[in-house]
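Visitor: I'd like to ask you about the structure that follows.
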Amino acid sequence: MSPTAAELHQMASIGRLLAGIVHEINTPLGSVFSNSEVLGRSLEMLGPLLAGGSAEELTKARRILDTMQQLVAIDQIACERIRSIIRGLKTIARVDCPEPQKIDLNQHLRDALKLTQAEFRNRVTVETDFAELPEVECFPQMLGQVFLNLLVNAAQAIEGPGTITVRTALEDGGATAHISIADTGRGMMPEQQAKAFEAGFTTKAVGEGTGLGLSIAKEIVEEKHGGSIGFESKLGVGTTFHVRIPVRHARSQP
Ligand SMILES: Nc1ncnc2c1ncn2[C@@H]1O[C@H](COP(=O)(O)OP(=O)(O)O)[C@@H](O)[C@H]1O
Ligand SMILES: [Mg+2]
């Protein structure tokens, strides 16, 4: 069913509106992001300078430094999340209608891990088991958003210490890249499993979850990449998400 002229007109205005909002948010976000980077580096340099002073003062100063460093790391993650929402909006608004790119998926996963690990480093052990993969044709920013979402969900499902295991494998005689993200978290009840991909379904507190992560992930994986996403989950044992992406994007196939 193709949209009517009126609907197209409305979609175009929403697109322009979104593009404007994206621009308005992007500029201040950029400055917060780079400031917090500078702050982080300054804090690192401050550390060694604190060599003098009494033992008691030193301990106190170190503790303050630690706290500040943690806050900076969290700010960076917050900025990165806002940035990924903006990327998502850009896609909807088609501000930059991108072509699929060939990327090293394992490296892309390592980058996503680096971003999230600052948040749960002390609690969660991350294990990786990467297969050798050919370059995968995809929309890297969108897939990055999917991985971030799955990793944050996994970390949030783990109370106390636990493990997240990220694996990649090549399937279908080399036609499909398989990414799995397994956690030793609380798992999901059957009712939750049935609703997990519904937009707006969340079991998290306001501010912690929007219930949009998995529905956006499904849209990105299935609609934008012709792939599949699913999971298996056992209450009290853990959850494993499986993402499968065609190595060659349908758009560039003859
Ligand atoms: N790894 C996981 N372990 C347990 N539950 C999960 C996991 N991932 C998702 N869920 C459940 O699915 C719900 C929806 O996830 P999501 O769409 O990412 O939204 P949000 O994280 O904002 O709640 C979560 O609130 C949670 O109940
Ligand atoms: Mg989520």
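Visitor: Remind me, relative contact order of segment 155-225 in percent, using alpha carbon pairs under 8 angstrom and six or more residues apart? Walk me through the numbers on the way to the answer.
Guide: Working: 73 pairs, mean separation 15.6, N = 71.
Relative CO of segment 155-225 lands at 22 percent.
Visitor: Note down the nm distance, to one decimal, between modelled labels 7 Å out along Cα→Cβ at residue 16 and at residue 251.
Guide: Modelled inter-label distance: 2.5 nm.
Visitor: I would also like to ask the following. May I ask what percent, to the nearest 5, of DSSP beta bridges between residues of the chain are antiparallel? Don't skip to the end; give the middle numbers.
Guide: Working: 26 of 32 bridges.
Here the antiparallel bridges make up roughly 80 percent for the chain.
Visitor: Identify the residues of segment 125-169 with backbone N under 15 Å of a label point that sits 7 angstrom from the Cα of residue 242 along the Cα-to-Cβ direction, or state none.
Guide: The answer is 167-169, whose backbone nitrogens lie closer than 15 Å to the label point.
Visitor: Taking residue 102 as the anchor, which lysines have their alpha carbon closer than 24 Å to its alpha carbon, excluding any fewer than eight residues away along the same chain?
Guide: Partners found: 90, 114, 218, 224.
Visitor: So, one more: With label points built 7 Å along Cα→Cβ from the Cα atoms of residue 208 and residue 111, find their separation and express it in nm.
Guide: If labels sit at residue 208 and residue 111, their model points lie 3.0 nm apart.
Visitor: Say each of residue 27 and residue 171 gets a label point 7 Å from the Cα, pointing the same way as Cα to Cβ; how far apart are those two points in nm?
Guide: Result for the modelled spin labels: 4.6 nm.
Quick note: the coordinates plus some simple rules give every number you see, no bench work behind them. The structure presented is a predicted model; accordingly, all values stated were derived computationally and were not measured. In this analysis, Cβ positions are derived from the backbone assuming ideal geometry, glycine residues included, and neighbour counts consider all displayed protein chains.
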